[in-house]
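First up is the structure itself, then whatever we jot down about it.
The values are calculated or read from the model by the stated rules, or taken from the named source; none is laboratory data. None of these values were measured; they are calculated from a predicted model. Please note: Cβ atoms are built from the backbone with ideal geometry, for glycine as well, and neighbour counts cover all protein chains shown.
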Amino acid sequence: MPSLNPNDTFENAIKSIRNGEVLSQVVDQLLSQLTTDERLSLLDGDVPFWDGLRTILCCRYNYEPFVHGSIPRLGIP
């Protein structure tokens, strides 16, 4: 797979998969672009705990999507 532009890495990864690239190879390439801090930030989500809990308790579970993390530097929404 060709080297990806850091500004549109996620978009290029999607295009590569749609063009028949092996999913695991595309994912490995994308993950290799992440710093350790970015990888860790994807584990905990971007919604503050109490706001997320309030939505689950008051509106029901999965009422609205939660952003689990984004990496704007790589175009990961």
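Residues of the stretch 45-53 include none that is at pLDDT 90 or above and on the phi > 0 side of the Ramachandran plot. Scanning the stretch 26-41 for residues that are more than 11 Å from the chain's Cα centre (by Cα) and touching a residue at least 40 places away in the same chain (Cβ under 8 Å) turns up just one, GLN33.
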